[in-house]
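Report on the following structure.
The values are calculated or read from the model by the stated rules, or taken from the named source; none is laboratory data. Predicted model, so just to flag it, every value in this text is computed and none were measured. When we count neighbours, we look across all protein chains shown, and the Cβ atoms used for this are built from the backbone with ideal geometry, even at glycine. Each accessible area value is taken on the protein alone, full model and side chains, heavy atoms only, with ligands, DNA and RNA left out. Shrake-Rupley method; radii C 1.70, N 1.55, O 1.52, S 1.80 Å.
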Amino acid sequence: MTTELSERQLEIVEAAGRILTSSGVSGLTIKNLAKEMKFSESAIYRHFTGKEEIIIAMLTFLAESIDLRLSSLNSSPDPEGKFRAMFHEQFRFFNLHPHFVVAVFSDGLMEETQRINDAILNLINVKMKHLMPVMMEGQQKGIFTNALTTEELMHIVMGAFKLQMFKWRIANFQFDIIRNGENMIQSLLTLIKSK
């Protein structure tokens, strides 16, 4: 299922991402969103029923974007190449759209509502859908270590990515996430590759 967002809805979602990144969930109000966009509050309500729907639209849009972008990357013949391409693409996307980095830290969004939790879980599942086969193939071909289960490797890799993005956000996006991301990818490969 794809979520069709109008151009205006996408602008609202992006503005919501900026507010969430700078002020957290408590800062995302329809009033603050209208102010950010120089709209009236009623103009926001013409596009979304409320804050929950905006957050869900943002998470769904991001999940679908990740799914589409990573689906088109599977051209590399080897698992290491696929691994590098996947993470390079993620760092490239977030470099262009830093306001979506809040979705990487969905912790602050959790427990808002069950629908938001479901959208967060879907986002995680989309990431795993693409990473899991690459990790499994790498282990089967002896490229990645078999000393850990695929699930354990996934936790290490996804945790390292989340930490890198957290450091970038805390630094107010002031360092080169592409370069630091490439260093992280290389470090992870040093850890997970078979010796």
Top-ranked residue in the range 1-27 [being of a type in the set (A, V, I, L, M) and modelled with pLDDT of 85 or more; ranked as farthest from the chain's Cα centre (by Cα)] = 12
Criterion: free of Cβ contacts under 8 Å to residues at least 24 places away in the same chain and closer than 30 Å to residue 135 by Cβ - qualifying residue of 62, 96, 33 | 96
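For (1) among the acidic types (Asp, Glu); (2) more than 20 Å from residue 114 (Cα to Cα), each residue gets a yes or a no:
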| residue | (1), (2) |
| --- | --- |
| 7 | yes, yes |
| 13 | no, no |
| 16 | no, no |
| 21 | no, yes |
| 26 | no, no |
| 29 | no, no |
| 35 | no, yes |
| 46 | no, yes |
| 51 | no, no |
Taking the residues in the range 91-102 that are modelled with pLDDT of 90 or more and surrounded by fewer than 20 Cβ atoms within 10 Å (Cβ to Cβ) as candidates, determine which candidate is farthest from residue 160 (Cα to Cα).
-> 96
Leading residue by the ranking (nearest to residue 82 (Cα to Cα)) among those in the range 125-157 that are open to solvent by 70 Å² or more (accessible area, probe 1.4 Å) and among the aliphatic types (A, V, I, L, M) | 136
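One line per residue, one yes/no per condition, for (1) open to solvent by less than 70 Å² (accessible area, probe 1.4 Å); (2) more than 25 Å from residue 12 (Cα to Cα); (3) in a helix (DSSP H, G or I); (4) at pLDDT 95 or above:
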residue	(1), (2), (3), (4)
69	yes, no, yes, no
73	yes, yes, no, no
81	yes, yes, yes, no
85	yes, yes, yes, no
110	no, no, no, no
117	yes, no, yes, no
Of all residues in the range 37-52, which are within 11 Å of residue 9 (Cα to Cα), open to solvent by 60 Å² or more (accessible area, probe 1.4 Å) and in a helix (DSSP H, G or I)?
-> 45
